[in-house]
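> Submitted below is the structure of interest, expressed as structure tokens.
The values are calculated or read from the model by the stated rules, or taken from the named source; none is laboratory data. These figures come from a predicted structure and were not determined experimentally. Glycine gets a Cβ as well: all are built from the backbone with ideal geometry, and neighbour counts include every protein chain shown. When the accessible area is computed, the model is the full protein with side chains, heavy atoms only, and any ligands, DNA or RNA have been set aside. Shrake-Rupley method; radii C 1.70, N 1.55, O 1.52, S 1.80 Å.
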Amino acid sequence: MKLVIETTFFAFLLLFINFFEVVYEKNGSAQASQTNILEIIVQGAKRIDPETIISFGQIELGEQFDDAKLNDIIKNLFNTGLFADVQLSLQDGLLTIVVEENPLINRVIFEGNDRIDAEDLERELQLKPRRVLTRTKVQQDTQRLIDIYRLTGRFGVKVQPQLVMLEQNRVDLIFEIDEGALSKISKISFIGNNKFSDSKLRDVIQSKEDGFYRFLTSDDTYDPDRLDFDGELLRRFYLNNGFIDFQVVSTVAELSPGDTNFAVTFTLDEGKRYKLGKITLESAVEDINIENLYHLYKGLEGDWYNARLVNKAIDRLVGQLGEDGFAFVEIKREIKREKNNESAVLALYIAKTPRVYVERINIEGNSRTLDAVIRREFDLFEGDAFNVSKLRRARRSIRNLGFFSKAKVDSLAGSAKDKTIIRVSLEEKSTGEISLGAGFSSQDGPLANIGIRERNLLGKGQDLTFNFKGSAARQEFKIGFTEPYFLDRDVSAGFDLVQSTTDRQTESSFDQRKAGGGLRLGYSLGPDLRQRLKYSFERTQIRNIDDQASIFIKEQEGNNTVSQVSHTTSYDQLDNRRQPSKGYAVSLTNDLAGFGGDARHLRSKLRAGYFVPVLEDKVLSFRLETGYIKGIGEDVEIGERFFLGGRKIRGFAPSGIGPRDLKTKDVLGGNQYYTGSVELRFPIGLPNELGLKASVFSDVGSLSGLDQNSSQIEDSSGLRASVGMGLSWATGIGLMRLDFASAMLKEELDETEFISFSFGTGF
């Protein structure tokens, strides 16, 4: 019994001793991990002062040091981006900080960047000379360079950063760039387009399929931003052709297998096509006479819905209401689809808007273009009543200038509830152009064209051009300058200086040289209606007359000066001025000479063209041109007469029609002419991307009338006519055209031409 008690007591004694040992060890450990910082030593610092490192670490003498404090110090020092490594140790109150500083960048070097200048690349990077290099920023800048190249269409780009260590912990940062080839668009397809063919929609969008003839354009380069814009172009096209419910469901770009080119597919939902039925107009504003506004939009009823024309009609309504004193109005629209038919009702509603005034117009991003050039596109000014339609019109006008790659115009809250600030955010682009062209024409022979143009001279929106056109038969130098807002008004003013030499030896046995200049003014008379006034002074020289030339040409030898005023009135409703497919245009020009100089005459020209789509991808065009010149108290000089043939009446040689000397067969020109043409242009079954079109046509015309009456002159006003067919190819450097035409009605002395060929620049 006694033995058992002693054994139990001994066991309890051992447990008690172990317990106190454990407690002692824990207390001792805690005491060690919470030692106060009595002294701090910094090692490894070369550029950075030790006191600065201690400050970055947020360390104070006397504070306790534990695991949490250790983590905070390391985190604070790494967050500065100045150090590649940080180590801490604490012993007997002495905190030792060992750092390895990140190197300092000596130079940033780019290798392999042939397409983008080093200055442009360096501008986009975070890392620059004399800044601290970090691994994170190197990775970010590498990705930024890749993104920049991809924006230019080079998706195969590779960028490899390299470091060259220098003394004093400095480095040269080298980006080795393999730009790769441009990523082209190999194919553009559409899904869901029932009304319009793929070829028609490819003409609508800006992106194009890769072709060897597109070497002067980048439209066949893959660009995601351009594809977004293509979707907007498709939406506008369908909305302007009656498809109110149209949507671009998706745009997918896929890399071709084993290639860097993309195949692009647009998935569309066309919806139904609607004609615009009745247009209703209601007003919540008193004293507005609805009936007096009907004429501003009545022409839209009964036609296919056209968003562009509807917007124009709303702008006309807002403008008229503003003139009538109703500044604080907004026109809302609602389209109601009628059941069981293909028409829609457009409901317009004139609503009251809060009285809000323009406090300021802030313009940002125009480092080159003057503020005044942008402000003059606004119908709104500081202090004016704010108008949403005028804001939209200003946004459209600024974008149409062509000076900016991006133009954003929006309204922000002002300093009070009744004030708003208009903000214009811009990103400028290059406005200088250099154009080179070459070609061949059966009329002019080899052709060359050199042009230099600056559309935003000195940031003032002025247009300066220099152009040279040369061929075997004609050379022309021209310098032109245009101020689009003369005297701060919507009036364009400019001047031209021209010198030309024309070889007329083949048809008329003389050369003609002209030199002179002109001053011009142009202004708007209304929507799509413009007027141009011009004064010109020109000196004409008839020289190098052949010894066997007509007596009527020999008597014209020498110099003649023409001082004249002109006016041109034009009305243009074409959908595209370069290759119209719908609409019409008319212009009338009158020239009156006699304000000084030698010549006295009145000359008039009338031109008209009408284009109408026939079925799909076929365009029927009608053209008419006529001219008349009358001498005032004297005969009309040969340098001022009309010459006809060649391009204006195919099937006849250049200057192949008109009065002639019966003896020498020299062409003498005429005082009056007319031409007419009917042409049907259509595709030939190949992809529209090739730009190939065929046509059948018939041309008619006549040239006659001379002041001289002589039996030696053949002067017939008889009708000439031809029929033919042609093939045109729209290439990247101009239009190539081959025409076959046969003269069906002609006079005995007329000169004909069955085949005519032109390529590149023409005159």
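> With a 1.4 Å probe and all protein chains kept in place, how much accessible area does residue 83 have, in Å² rounded to the nearest 10?
Estimated to the nearest 10 Å², residue 83 gives 10 Å².
> Let me ask something else. Which residue, 472, 561, 446, has the largest displacement toward the positive end of the dipole of region 435-564 when charges sit on each Cβ (Lys, Arg +1; Asp, Glu -1)?
561
> Oh, and also: Going from most exposed to least, what order do 567, 295 have by accessible area with a 1.4 Å probe?
If we order 567, 295 from most to least accessible, we get 295, 567.
> For the ranges 386-393, 191-198, 284-291, 462-469, what's the packing order if you count other beta-carbon atoms within 10 Å of each residue, average per peptide, and put the highest first?
Ranked by mean Cβ neighbours within 10 Å, highest first: 386-393, 462-469, 191-198, 284-291.
> Helix 2-33 sits at what angle to the longest principal axis of the chain, using alpha carbons and giving 0 to 90 degrees rounded to 10?
The angle comes out at about 40 degrees.
> Hey, any idea what % of region 222-294's accessible area is carbon plus sulfur with a 1.4 Å probe?
In region 222-294, the share of accessible area belonging to carbon and sulfur is 45 percent.
> Just tell me which lysines come within less than 19 Å, Cα to Cα, of residue 200; anything on the same chain fewer than 8 places away is out.
Counting by Cα, and skipping residues close in sequence, residue 200 has these lysines nearby: 187, 208, 272, 582, 618, 693.
> If each DSSP helix of 4+ residues adds -39,500 (n - 2.57) and the sum is divided by the residues in the chain, what number results at 222 nm, nearest 500 deg cm²/dmol?
-6000 deg cm²/dmol
> Still on this structure: Only Cα pairs under 8 Å and at least 6 apart count here; give the relative contact order of the chain as a rounded whole percent.
6 percent
> Relative contact order for region 476-553: what is it in percent, counting Cα pairs under 8 Å that are at least 6 residues apart?
25 percent
> Continuing with this model, one more query. Would you tally the net charge around residue 397, using a Cβ to Cβ cut-off of less than 12 Å, leaving residue 397 out, and scoring K and R as +1, D and E as -1?
+4
> Order 304, 729 by their accessible area, 1.4 angstrom probe, all chains in place, largest first.
Largest to smallest exposure gives the sequence 304, 729.
> Further question: Just how large is the dipole of the chain about the Cα centre, in debye to the nearest 20, putting +1 at every Lys and Arg Cβ and -1 at every Asp and Glu Cβ?
Using Cβ point charges on Lys, Arg, Asp and Glu, the chain gives about 2040 debye.
> Using every pair of alpha-carbon atoms in the chain, split the distances into 20 Å bins beginning at 0 and state the percent of pairs per bin, rounded to integers.
11, 32, 30, 15, 7, 4, 1, 0, 0
> Which lysines have a Cα less than 27 Å from the Cα of residue 665, not counting those fewer than 8 places away in the same chain?
Those lysines meeting the cut-off are 514, 554, 630, 648, 746.
> Another question, if that's okay. With every protein chain left in place and a probe of 1.4 Å, what is the accessible surface of residue 749, to the nearest 10 Å²?
Ignoring ligands and nucleic acids, residue 749 comes out at about 40 Å².
> Moving to a separate point now. How tilted is helix 135-151 with respect to the longest principal axis of the chain? Cα atoms for both, answer in degrees (0 to 90, nearest 10).
The two axes meet at around 20 degrees.
> A further question on this structure: Just going by the charge dipole of region 227-297, with Lys and Arg at +1 and Asp and Glu at -1 on Cβ, which of 267, 252, 242 is farthest out on the positive end?
Value: 242.
> Students often forget the sequence filter, so: which lysines lie under 17 Å Cα-Cα from residue 534 once same-chain residues fewer than 8 apart are removed?
Candidates past the 8-residue exclusion: 478, 605.
> With only Lys, Arg, Asp and Glu charged, each at its Cβ (+1 for the first two, -1 for the last two), find how big the charge dipole of region 61-217 is about the Cα centre; round to the nearest 20 debye.
With Lys and Arg at +1 and Asp and Glu at -1, about 1120 debye.
> What is the helix-to-structure angle for 224-239, meaning the angle in degrees between its Cα long axis and the longest Cα principal axis of the chain, kept from 0 to 90 and rounded to the nearest 10?
50 degrees
> Sorted by accessible area with a 1.4 angstrom probe, largest first, how do 273, 236 fall?
Result, largest first: 236, 273.
> Would you mind classifying region 603-673 by shape? Square roots of the alpha carbon gyration tensor eigenvalues, ordered a ≥ b ≥ c; an a/c under 1.5 is rounded, otherwise it is prolate if a/b is larger than b/c and oblate if not.
oblate
> Taking the alpha-carbon centroid of each part, what is the distance from region 158-202 to region 229-268 in angstrom?
Centre-to-centre (Cα) distance: 21 Å.
> Next up: Counting only DSSP beta bridges with both residues in region 512-620, what percent are antiparallel, rounded to the nearest 5?
100 percent
> Quick check: at a probe of 1.4 Å, how many percent of the accessible area of region 351-474 sits on carbon and sulfur atoms?
Carbon and sulfur: 54 percent of the exposed surface of region 351-474.
> Something else: Counting only C-alpha contacts under 8 Å and six or more residues apart, can you give the relative contact order of region 177-284 as a whole percent?
Once normalised by length, the contact order is 33 percent.
> Counting only heavy atoms of protein chains, what accessible area per residue, in Å², does the chain have with a probe of 1.4 Å?
About 54 Å² of surface per residue is accessible.
> Taking every DSSP beta bridge that has both residues in the chain, what percent is antiparallel when rounded to the nearest 5?
85 percent
> With +1 assigned to the C-beta of every Lys and Arg and -1 to the C-beta of every Asp and Glu, and no other charges, what is the dipole magnitude of region 534-659 about the Cα centre in debye, to the nearest 20?
520 debye
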